Amino acid sequence: MDGNRRFATKYGMEKLEGHYLGFEKLSETLEWCLDLGVKEVTIYTFSIENFKRPKEEVNGLMNLSREKFRDLLQEKDKLVKYGVCIRVFGDITLLPVDLQMLVAEAILETYKNTKTFLNVCLAYTSREEITSAVKDIATEVANGNLKECDISESLLDQSMYSYKSSKPDIVVRTSGEVRLSDFLLWQSSYSVLSFFKVLWPDFRIWHLFLAVLYYQHYCGNLKEIENEHYLNTMHEEKGQLNDMASQQYKCNKSSDSSGEDFKSKMHSFNQEIQERRKKFIEHLDKERFNKLVQIKNGNTSQNDPPL
């Protein structure tokens with residue numbers, strides 16, 4: 001949703017008015033997506049880098065976010081009726097406390113909805129998301145709840161803010177910039193990227209149609225490449241696990257160990273890894289949920305953004 005400020009400058013408006021029009025365009029675009037049968041949309045509303053903007057503009061964007069989340073909560077009965085689940089990717093503790101509480105309430109009120117999904121990247125960068133996921137894994141390794149052999153690409157993937165969401169099929173960026181600006185770098189490896197020169201408030205349904213056509217043209221090849229990557233990754237991971245299990249067996253085997261016993265040990269080793277991974281993901285999910293409950297109840301504070 002890039003180009004709100006440039007749109008305001010182009011038409012002699014205040015920057016905040018450009019952002020307001022950008023939110024209006026978002027509402028319209030989400031209706032288009034619903035009409036097209038798109039079940040999940042991820043929007044980049046506020047980057048951690050945006051905290052570097054003038055204080056007046058940042059405060060205006062925070063007020064606009066408050067307004068929009070209040071609007072969502074006023075419509076929570078409709079959100080539940082139509083099965084809309086709101087998820088937020090990012091470090092929301094960087095936001096003002098009252099906004100944190102609104103965000104947490106919106107997430108929790110729609111937590112169990114499963115028909116459509118709106119993912120809001122707020123106080124987000126992909127680098128921070130990946131760093132946070134690595135820290136969560138490292139903490140559990142240090143605490144003895146995970147082992148080094150448990151770490152894999154899939155475990156890191158499940159540690160992201162987006163771990164419950166699907167990977168984006170299409171990434172659309174407006175305003176003529178041909179870069180992702182720290183948006184879903186991990187998740188968009190096999191997405192079809194569409195860059196449009198139009199400023200976001202001028203985005204039209206025809207641009208969305210064109211993005212869908214691009215996707216239809218290229219998705220087949222991308223899916224083949226993605227599947228090949230997945231199979232290769234699983235094969236490599238299985239080989240690494242077998243090597244580690246074999247080394248462990250050689251270190252512990254007795255003189256009368258049989259080949260059948262080795263297979264049993266191999267199975268047990270793999271089961272232990274899967275069990276530790278499962279417990280870690282369950283613990284992480286519970287920890288994040290409990291944190292949202294605490295934030296909703298006001299048990300939080302605002303952290304300083306990394307400027």
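Restricted to the stretch 35-51, and to residues that are within 25 Å of A104 (Cβ to Cβ) and open to solvent by 60 Å² or more (accessible area, probe 1.4 Å), which residue is nearest to the chain's Cα centre (by Cα)? Outline the logic, then answer.
First pass over the stretch 35-51, keeping only residues within 25 Å of A104 (Cβ to Cβ): 39-51.
Pick out the ones that are also open to solvent by 60 Å² or more (accessible area, probe 1.4 Å) and you get 39, 49.
Details: K39: 15, E49: 17 Å.
Ranking the candidates gives K39 first.
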Q: Give the number of residues within the stretch 148-183 that are open to solvent by 70 Å² or more (accessible area, probe 1.4 Å) and among the polar types (S, T, N, Q).
A: 2
Q. In this structure, does V212 turn out to be over 30 Å from A142 (Cβ atoms), modelled with pLDDT of 95 or more and not in a loop (DSSP other than H, G, I, E, B)?
A. yes
Q) Consider T233 against the criteria (1) in contact (Cβ under 8 Å) with a residue 12 or more places away in the chain; (2) exposed (fewer than 14 other Cβ atoms within 10 Å of the Cβ); (3) in a loop (DSSP other than H, G, I, E, B): it satisfies all of them except one. Which criterion is unmet? A) (3)
Q: Looking only at the stretch 222-239, decide whether some residue is among the aromatic types (F, W, Y), under 24 Å from Y161 (Cβ atoms) and modelled with pLDDT under 90.
A: yes
Q.
Given the criteria open to solvent by 30 Å² or more (accessible area, probe 1.4 Å), closer than 17 Å to F289 by Cα and in contact with a strand residue (DSSP E or B) (Cβ under 7 Å, 6 or more places away or on another chain), does D136 qualify?
A. no
Q.
Looking at the stretch 52-69, can you tell me whether even one residue there is under 23 Å from the mean Cα position of the chain (by Cα), within 20 Å of R204 (Cβ to Cβ), open to solvent by less than 80 Å² (accessible area, probe 1.4 Å) and β-branched (V, I, T)?
A. no
Q) Can you tell me how many residues in the stretch 41-75 are assigned to a helix (DSSP H, G or I) and not aliphatic (A, V, I, L, M)? A) 18
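The values are calculated or read from the model by the stated rules, or taken from the named source; none is laboratory data. Just so it is clear, the model here is predicted, and its values are computed rather than measured. Positions of Cβ are generated from backbone atoms using ideal geometry, with glycine treated the same way; all protein chains shown enter the neighbour counts. The protein model used for the area step is the full one, side chains on, heavy atoms only, and it has no ligands, DNA or RNA in it. Shrake-Rupley method; radii C 1.70, N 1.55, O 1.52, S 1.80 Å.
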